[in-house]
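Trainee: Structure incoming, see below.
The values are calculated or read from the model by the stated rules, or taken from the named source; none is laboratory data. The structure presented is a predicted model; accordingly, all values stated were derived computationally and were not measured. Heads up, the Cβs are rebuilt from the backbone with ideal geometry, glycines too, and the neighbour counts pull from every protein chain shown. We work out accessible area using only protein heavy atoms, side chains counted, and drop any ligands, DNA or RNA first. Shrake-Rupley method; radii C 1.70, N 1.55, O 1.52, S 1.80 Å.
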Amino acid sequence: MTPMRTMYDSTRAKNIPADAAMVAGYVDEYSIPKWSGEEWARFSRAVKVRIAKKASTNDGHVLDVEPKLATPAEAPGWAQMRRRAGVEPTIYCNKATWGAVQEAFNAARVPQPHYWIAHYNGVRELPTLNGITAVAKQYADDKLLGKPYDLSCVADHWPGVDPVPPAFAAAMNQEEYMFTHELPRGEGYHRDTVTIESTTNSTIVDEVFVSLASGFEGLRNVRTYFPGGGDPKNGSPRQIAELPKDTRAWWQVPDGCFAFSIEYECGAGACPSLSITYTRK
């Protein structure tokens with residue numbers, strides 16, 4: 001079973017135990033006041049998840065889609081706005097609304113985001129819909145708990161919220177490092193980010209080879225996005241037209257990590273994955 005963490009959320013930080021390891025709070029004003037700097041500081045060692053209630057708010061990791069707040073139709077625009085800001089977006093909604101939100105992304109031809117799903121059945125498991133598994137599930141609310149907070153179970157790694165997965169950090173400590181990265185599946189548009197963390201100084205120049213390892217037959221409109229330098233240059237999209245074909249990228253590590261994204265439309269039955277080879281030059 002995939003390791004899961006426990007996350008607390010509430011309208012006010014004072015309602016959450018001060019020793020919570022993971023908390024979620026609000027970043028904008030709308031019916032519920034946003035958390036102050038002092039409230040966020042209450043959890044100095046916790047992983048912090050920032051929630052936006054309005055689709056016009058260019059802030060936060062998560063958009064809150066529920067009545068009187070953001071709508072399913074507004075979610076794709078918010079996700080695109082946050083991606084332009086360099087953030088991997090997540091949408092919060094209840095289980096009954098999840099299908100409508102996915103349909104809104106497909107209709108807008110916007111890659112699916114990550115999902116935090118509310119389903120107050122007391123069961124700590126991550127739900128799946130149309131081949132997409134949620135990164136978090138709010139399984140108990142304040143009424144069920146009799147406490148002034150809600151509880152969620154959270155995947156071992158939440159893209160956009162957590163630091164780089166430790167497995168990728170090893171890449172920079174070896175002459176050559178190979179791994180396979182499974183991509184999100186399920187019909188519709190997807191965007192995924194792969195990050196390799198550096199533990200060496202920032203003057204090392206390295207090389208990476210990326211290729212789709214399987215499932216290409218069910219993919220359309222595949223594009224990869226790399227940061228400046230190497231091939232492709234300056235973060236411009238690179239179309240993968242045929243396989244087998246490696247996309248090479250050379251880069252000088254600027255700040256301890258290297259990330260690239262892949263965007264694609266997934267057909268029924270596709271099981272895409274990336275084969276990645278890192279080489280220290």
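Trainee: Out of all the residues in the stretch 121-131, is one or more aliphatic (A, V, I, L, M) and either open to solvent by less than 10 Å² (accessible area, probe 1.4 Å) or farther than 21 Å from T6 by Cα (or both)?
Mentor: Let us first name the residues in the stretch 121-131 that are aliphatic (A, V, I, L, M), namely 123, 126, 129.
Of the ones still in play, those that are also either open to solvent by less than 10 Å² (accessible area, probe 1.4 Å) or farther than 21 Å from T6 by Cα (or both) are 129.
Looking for residues that are aliphatic (A, V, I, L, M) and either open to solvent by less than 10 Å² (accessible area, probe 1.4 Å) or farther than 21 Å from T6 by Cα (or both), one finds at least one in the stretch 121-131, hence yes.
Trainee: With the condition kept exactly as written, say whether any residue in the stretch 111-119 is open to solvent by 60 Å² or more (accessible area, probe 1.4 Å) and assigned to a strand (DSSP E or B). Let's see the steps before the verdict.
Mentor: Start the filter on the stretch 111-119 by keeping residues that are open to solvent by 60 Å² or more (accessible area, probe 1.4 Å), which leaves 119.
Remaining after also requiring assigned to a strand (DSSP E or B): none.
So far as the stretch 111-119 goes, no, none of its residues is open to solvent by 60 Å² or more (accessible area, probe 1.4 Å) and assigned to a strand (DSSP E or B).
Trainee: Among the residues of the stretch 40-77, write down those that are part of a loop (DSSP other than H, G, I, E, B), within 20 Å of the chain's Cα centre (by Cα) and of a type in the set (A, V, I, L, M, F, W, C).
Mentor: Selection gives A46, A55.
Trainee: Six or more apart or on different chains, Cβ under 8 Å: which pairs go from a residue in the stretch 22-41 that's closer than 17 Å to S56 by Cα and modelled with pLDDT of 95 or more to one that's among the polar types (S, T, N, Q) and open to solvent by 30 Å² or more (accessible area, probe 1.4 Å)? Could you list them?
Mentor: Y26/T11
Trainee: Of the numbered conditions (1) closer than 26 Å to S31 by Cα; (2) open to solvent by 40 Å² or more (accessible area, probe 1.4 Å), P76 fails exactly one; give the number of that condition.
Mentor: Only one criterion in (1) closer than 26 Å to S31 by Cα; (2) open to solvent by 40 Å² or more (accessible area, probe 1.4 Å) is unmet by P76, namely (2).
Trainee: If you check N94, N58, which single one turns out to be under 25 Å from V194 (Cβ atoms), surrounded by fewer than 20 Cβ atoms within 10 Å (Cβ to Cβ) and without any contact (Cβ under 8 Å) to a residue 40 or more places away in the chain?
Mentor: Values: N94 fails: under 25 Å from V194 (Cβ atoms).
Step by step, each of N94, N58 is checked, and only N58 is under 25 Å from V194 (Cβ atoms), surrounded by fewer than 20 Cβ atoms within 10 Å (Cβ to Cβ) and without any contact (Cβ under 8 Å) to a residue 40 or more places away in the chain.
Trainee: For the stretch 68-84, indicate whether the set of residues that are closer than 15 Å to T11 by Cα and either polar (S, T, N, Q) or out of contact with any His (no Cβ under 6 Å at 6 or more places or on another chain) (or both) is non-empty. Explain how you work it out, then say what you get.
Mentor: Initial filter on the stretch 68-84 (closer than 15 Å to T11 by Cα): 69.
With either polar (S, T, N, Q) or out of contact with any His (no Cβ under 6 Å at 6 or more places or on another chain) (or both) added as a condition, the list becomes 69.
Yes: the stretch 68-84 contains one or more residues that are closer than 15 Å to T11 by Cα and either polar (S, T, N, Q) or out of contact with any His (no Cβ under 6 Å at 6 or more places or on another chain) (or both).
Trainee: Does any residue of the stretch 93-109 turn out to be within 16 Å of the chain's Cα centre (by Cα) and assigned to a loop (DSSP other than H, G, I, E, B)?
Mentor: Within the stretch 93-109 (the criterion being within 16 Å of the chain's Cα centre (by Cα) and assigned to a loop (DSSP other than H, G, I, E, B)), the answer is no, since none of the residues qualifies.
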